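Student: Can you read through this structure? Questions will come right after.
The values are calculated or read from the model by the stated rules, or taken from the named source; none is laboratory data. No experiment lies behind these values; they were computed from the predicted model shown. Neighbour counts run over all protein chains shown; Cβ positions are idealised from the backbone, glycine included.
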Amino acid sequence: MKTLDPSLLSNGMECSAIEYDTFAWPGGYPIFYVTQDNAPLCPKCANDNISLCACPAESQEADPQWRIIAADINYEDDSLYCDNCNQRIESAYGE
Ligand SMILES: [Zn+2]
């Protein structure tokens with residue numbers, strides 16, 4: 001698993017100013033996010049809860065269920081589901 005591009009992460013006051021990408025560029029592959037407690041999160045949930053997801057580790061608000069520590073592209077996992085909304089996370093080559 002590759003590490004999240006630091007430019008996707010933010011901290012403190014910038015939390016509300018960023019947005020998590022839904023698709024990787026170049027290629028347009030579907031991205032999913034991984035929280036500190038190792039649960040997959042879809043981009044929609046990441047963006048809906050962006051202040052939690054982008055929360056810095058040292059913050060008192062930091063919640064391992066939400067804090068995103070990595071992003072990856074879902075190439076072919078047909079059974080990857082978001083831990084929050086239970087929606088299937090789109091795969092690039094699946095189906
Ligand atoms: Zn979700």
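Student: Just to be sure I understand, how many residues within segment 81-93 are within 11 Å of the ligand (Cβ to nearest atom), part of a loop (DSSP other than H, G, I, E, B) and surrounded by 15 or more Cβ atoms within 10 Å (Cβ to Cβ)?
Tutor: 4
Student: Same structure, new question: Does residue 39 satisfy the condition of being aliphatic (A, V, I, L, M) and within 13 Å of the chain's Cα centre (by Cα)? First the steps, then the outcome.
Tutor: Numbers: aliphatic (A, V, I, L, M): yes; within 13 Å of the chain's Cα centre (by Cα): yes.
Judged against the criteria, residue 39 is a match.
Student: Okay, next question. Show the residue pairs meeting these rules: Cβ distance below 8 Å; 6+ apart or different chains; first residue within segment 82-95 and within 16 Å of residue 46 (Cβ to Cβ) and modelled with pLDDT of 95 or more; second residue among the aliphatic types (A, V, I, L, M) and near the ligand (Cβ under 7 Å from one of its atoms).
Tutor: Pairs that qualify, where the first residue is within 16 Å of residue 46 (Cβ to Cβ) and modelled with pLDDT of 95 or more and the partner is among the aliphatic types (A, V, I, L, M) and near the ligand (Cβ under 7 Å from one of its atoms), are 82/41; 83/41; 84/41.
Student: Same structure, new question: What do you reckon, is residue 51 over 12 Å from the mean Cα position of the chain (by Cα) and closer than 19 Å to residue 23 by Cα?
Tutor: Numbers: over 12 Å from the mean Cα position of the chain (by Cα): yes; closer than 19 Å to residue 23 by Cα: no.
The answer is no for residue 51.
Student: Further question on the same structure: Within segment 34-52, restricting attention to residues that are out of contact with any helix residue (DSSP H, G or I) (no Cβ under 7 Å at 6 or more places or on another chain) and part of a helix (DSSP H, G or I), which residue is nearest to residue 78 (Cα to Cα)?
Tutor: Going through the qualifying residues, I end up with 43.
Student: I would also like to ask the following. Give the number of residues within segment 53-80 that are within 13 Å of the ligand (Cβ to nearest atom) and either over 24 Å from residue 27 (Cβ atoms) or not in a loop (DSSP other than H, G, I, E, B) (or both).
Tutor: Matching residues across segment 53-80 total 4.
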